[in-house]
Amino acid sequence: MSAFEGKIIKVHPDDNVAIVVEAGGLAEGQALGEGLVATGRIPQGHKLALTDIAVDEPIVRYGEVIGNAVVAIARGEHVDEARVRLPRAPALGDLPLATRPAPDAEPLEGYTFEGFRNPDGSVGTRNVLGITTSVQCVAGTVDYVVGRIKRELLPRYPNVDDVVGLNHSYGCGVAINAPAAIVPIRTLKNIALNPNFGNEVMVIGLGCEKLQPSTLLDDRPVRIYENTEAADPDANVLSLQDESFQGFGEMVEGIMAMAERHLERLNRRRRETCPASDLVVGMQCGGSDAFSGVTANPAVGFATDLIVRAGGSVMFSEVTEVRDAIHLLMPRAIDEEVGRALIEQMAWYDDYLSQGQADRSANPSPGNKKGGLSNVVEKALGSVIKSGNSPIVDVIGPGERLRRKGLTFAATPASDFICGTLQLAAGMNLQVFTTGRGTPYGLAMVPVLKVSTNSQLGRRWHDIIDLDAGRIATGDASIEEVGWELFHLILDVASGRQQAAADRLGIHNDLVLFNPAPVT
């Protein structure tokens, strides 16, 4: 990576474009060194041509072709999205599988955090009572009861961090027997198993929904709560339509009584010293800009490699923001089986978009473009850097749980909220979220650390952003320094020694299921 007098950054020696670093952008006629002059005003984060680029010639960033010139572009000109033609996506049939040996990295030993160990061996970073719902119809009731639990019960259980309702828009009016319905159903099952819930599963249903609560419990015993003196103290399912309830007040009291039993058990949990190998971290980006692939995502990638070296688990996601960089990832698959699984997930999503009469050009968003990203190819090349250099040991489908330690590709849409929901289901106990445009995104179930890609955002949103990686672009810090800083921050937040900004402010988004199946 090289800079021209601190005003623009060229990432790779082969690049014929660079992005503007200078706050406020470049003015027309501004000299940039080496005889390069801006021929017009160019906003911060946007690209300018380092050489003359003829019509149809490739435009190169990160050492990769991000498109072809629609018109002739002169040296020093603004290379905006209208001048870049989207190239074809890499063909999936002839990609090399598992050809890059794993990098020779020393194990990282001696790093720990204070977590909540569960009977199944997983470790939580928080101690939360999660109240699962089987259908959207009960969401209002669950929200009402969660408010009462927080006011009336939670103060009596000081070792429990929070109570959250796992509300969603699924459960009825849906084709639960359609093949693709496996995605939302297994997502809901696996969210309830997230390590931050301490293996305490509690389901509130209506009674007449297609998705019955027993389906969400899978192989766990179903113990129904009934409004009688002989109510089961270990009940884990309550249906509002149960005829033993006379009115809303009795339904609420039933949920409160059931919740108290779960709170009693959760309150016995204590933090204990756990190796960093028990970390399960989801890496995600949202509101990306042209700095994402230069600052925050490379630093996240460095931290990813540290966690993997420590024996921990990391997942990266967002199929449409991986698809155009898949040729860079396939050689890193640990074996051909993992490589083929990557191809299958890309192909499945290509078909999914085609059925919806859409394609990958629907990404990026208007905000991404305003931040300097011309198309999904450029976005993908900056996005996959979050995965670092570690070998990819596994691939899981949407809503599936992690199976292996190390780096996993967890297939999800690029939507922030859907990706976060699916990473929760996969079992993450902490998430890192990079942003260039800014988003107050957070999750009530796990800590979310937000990393800014540029220092302007870091300063403007000083009380929402947890770490500013924009210092890399200005030369005030290196990728390695910010990566280590993020790694230590992850350990501190996982231990409860430090609070993520979203948790401190109480900013938490709703769960959003990915449902590719028909709605009836």
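The values are calculated or read from the model by the stated rules, or taken from the named source; none is laboratory data. Keep in mind the model is a prediction, meaning the values are calculated, not measured. Reconstructed Cβ throughout: ideal geometry from the backbone, glycine too, with neighbour counts over all protein chains shown. Side chains are part of the model used for accessible areas, which takes the heavy atoms of the whole protein and leaves out ligands, DNA and RNA. Shrake-Rupley method; radii C 1.70, N 1.55, O 1.52, S 1.80 Å.
Quick one: would you say S390 is among the hydroxyl-bearing types (S, T, Y), open to solvent by less than 20 Å² (accessible area, probe 1.4 Å) and over 14 Å from V280 (Cα atoms)? Against the criterion (among the hydroxyl-bearing types (S, T, Y), open to solvent by less than 20 Å² (accessible area, probe 1.4 Å) and over 14 Å from V280 (Cα atoms)), S390 qualifies. Just checking, does region 58-81 include any residue being hydroxyl-bearing (S, T, Y), in contact (Cβ under 8 Å) with a residue 60 or more places away in the chain and on the phi > 0 side of the Ramachandran plot? Within region 58-81 (the criterion being hydroxyl-bearing (S, T, Y), in contact (Cβ under 8 Å) with a residue 60 or more places away in the chain and on the phi > 0 side of the Ramachandran plot), the answer is yes, since at least one residue qualifies. Here region 168-196 is the region considered, the condition is being open to solvent by 30 Å² or more (accessible area, probe 1.4 Å) and of a type in the set (S, T, N, Q), and the residue that is nearest to Y352 (Cα to Cα) is N177. Counted as qualifying within region 419-520 are the helices (runs of 4 or more DSSP H) with 3 or more residues that are of a type in the set (A, V, I, L, M, F, W, C) and in contact with a strand residue (DSSP E or B) (Cβ under 7 Å, 6 or more places away or on another chain), namely 479-494. Every listed requirement among (1) in a helix (DSSP H, G or I); (2) modelled with pLDDT under 95; (3) aliphatic (A, V, I, L, M) is met by A235 save one, (1). Taking the criterion of being aliphatic (A, V, I, L, M) and touching a strand residue (DSSP E or B) at 6+ places or on another chain (Cβ under 9 Å), the residues of region 290-313 that qualify are A290, V294, A296, A299, V300, A303, I307, V308, A310.
Does D503 satisfy being charged (D, E, K, R), modelled with pLDDT of 95 or more, crowded, with 24+ Cβ neighbours inside 10 Å and more than 30 Å from L353 (Cα to Cα)? So D503 fails the test. Close Cβ contacts (under 8 Å, 6 or more residues apart or on different chains) running from residues in region 230-255 that are within 14 Å of I204 (Cα to Cα) to residues that are open to solvent by less than 20 Å² (accessible area, probe 1.4 Å) and aromatic (F, W, Y) comprise M251/F245; G254/F245.
For every residue, the table says whether it meets (1) crowded, with 21+ Cβ neighbours inside 10 Å; (2) more than 21 Å from the chain's Cα centre (by Cα); (3) among the basic types (K, R); (4) not in a helix (DSSP H, G or I).
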{"site": "T320", "(1), (2), (3), (4)": "yes, no, no, no"}
{"site": "P331", "(1), (2), (3), (4)": "no, yes, no, no"}
{"site": "G339", "(1), (2), (3), (4)": "yes, yes, no, no"}
{"site": "L342", "(1), (2), (3), (4)": "yes, no, no, no"}
{"site": "Q345", "(1), (2), (3), (4)": "yes, no, no, no"}
{"site": "D350", "(1), (2), (3), (4)": "no, no, no, no"}
{"site": "S354", "(1), (2), (3), (4)": "no, yes, no, no"}
{"site": "A358", "(1), (2), (3), (4)": "no, yes, no, yes"}
